[in-house]
1. Among the residues in region 62-70, are any over 22 Å from the mean Cα position of the chain (by Cα) and either closer than 27 Å to SER121 by Cα or at pLDDT 90 or above (or both)?
2. Write out, first by first residue and then by second, each pair whose Cβ atoms fall under 7 Å of each other, whose residues are 6+ apart or on separate chains, and whose first residue, in region 93-111, is more than 22 Å from ARG72 (Cβ to Cβ) while the second is in a helix (DSSP H, G or I) and within 16 Å of the ligand (Cβ to nearest atom).
3. Out of LYS30, LYS50, which single residue is open to solvent by 40 Å² or more (accessible area, probe 1.4 Å), farther than 29 Å from GLU150 by Cβ and at pLDDT below 75?
4. Can you tell me how many residues within region 74-89 are touching a helix residue (DSSP H, G or I) at 6+ places or on another chain (Cβ under 7 Å) and within 16 Å of the ligand (Cβ to nearest atom)?
5. Six or more apart or on different chains, Cβ under 9 Å: which pairs go from a residue in region 22-41 that's within 14 Å of LEU111 (Cα to Cα) and aromatic (Phe, Trp, Tyr) to one that's within 14 Å of the ligand (Cβ to nearest atom) and at pLDDT 55 or above? Could you list them?
6. I'd like the full set of residues that are modelled with pLDDT of 95 or more, among the basic types (Lys, Arg) and closer than 28 Å to PHE44 by Cα, limited to region 71-101.
7. Return the residues of region 61-89 that are open to solvent by 60 Å² or more (accessible area, probe 1.4 Å) and over 28 Å from TRP51 (Cβ atoms); say none if nothing qualifies.
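The values are calculated or read from the model by the stated rules, or taken from the named source; none is laboratory data. From a predicted model like this one, the values you see are computed outputs, not experimental measurements. Reconstructed Cβ throughout: ideal geometry from the backbone, glycine too, with neighbour counts over all protein chains shown. To get the accessible areas, we keep the full protein, side chains included, count just its heavy atoms, and leave off ligands, DNA and RNA. Shrake-Rupley method; radii C 1.70, N 1.55, O 1.52, S 1.80 Å.
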Amino acid sequence: MKTGRGGFRMLRREQLLQEVVHDTYKLPRKLAEPARCSECAAVFRDGRWKWSSAGGAGPAHEVLCPACQRIRDDFPAGFVHVSGEFFAQHRDEILALVRHCEETEKRNHPLERIMKVADDSGGVLVTTTGVHLARRIGDALEDGYKGSLEFHYNKEEQLLRVAWRR
Ligand SMILES: [Zn+2]
């Protein structure tokens, strides 16, 4: 994983919102429309990725969407480290909240998905295909359980590290 690089800055939540919202669901490159992801069937139309409602009728260019590309490359955009004694005691409940965040976010934003939930130094590391989901998970944990929350954002590469601890 290419995560050891510099360029991460710690931000307050308000700063983060400004910076990340500015980059909202930005697309890295232009695509011919409509395009359909050969992996997850998300459809790119009118400059956005959507879940196709009608089974994707009509011809579309076959591509790999940015989320599936990240999954294939094992190159997450968001890293959420969850740890602490309280977490250890309420692990299942807290991870269910994390999953719930994904379901909610993914419904309207196909590029925001959880990649992996893996044990990691004293807790769990959740990796995501999008920075918005990582931010949402951090917010939801703080809203639900207090604890301490930190955001580190690498604007150049649009990578977000979130650390929640309780
Ligand atoms: Zn896809």
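1. yes
2. Partner pairs satisfying both residue conditions: CYS101/LEU133.
3. Selected residue: LYS30, the only one of LYS30, LYS50 that is open to solvent by 40 Å² or more (accessible area, probe 1.4 Å), farther than 29 Å from GLU150 by Cβ and at pLDDT below 75.
4. Looking only at that region, the number is 2.
5. That search, which allows pairs on different chains as well, returns TYR25/ARG48; TYR25/TRP49; TYR25/HIS109; TYR25/LEU111; TYR25/GLU112; TYR25/GLY130.
6. ARG99
7. Once the filter is applied, which keeps residues that are open to solvent by 60 Å² or more (accessible area, probe 1.4 Å) and over 28 Å from TRP51 (Cβ atoms), region 61-89 yields GLU85, ALA88, GLN89.
Quick grid of which residues meet (1) at pLDDT 95 or above; (2) farther than 15 Å from ALA88 by Cβ; (3) assigned to a loop (DSSP other than H, G, I, E, B):
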site: GLU112; (1), (2), (3): yes, yes, yes
site: ALA118; (1), (2), (3): yes, yes, no
site: LEU125; (1), (2), (3): yes, no, no
site: LEU133; (1), (2), (3): yes, yes, no
site: ASP139; (1), (2), (3): yes, yes, no
site: GLU142; (1), (2), (3): yes, yes, no
site: GLU156; (1), (2), (3): no, yes, yes
site: ARG161; (1), (2), (3): yes, yes, no
site: TRP164; (1), (2), (3): yes, no, no
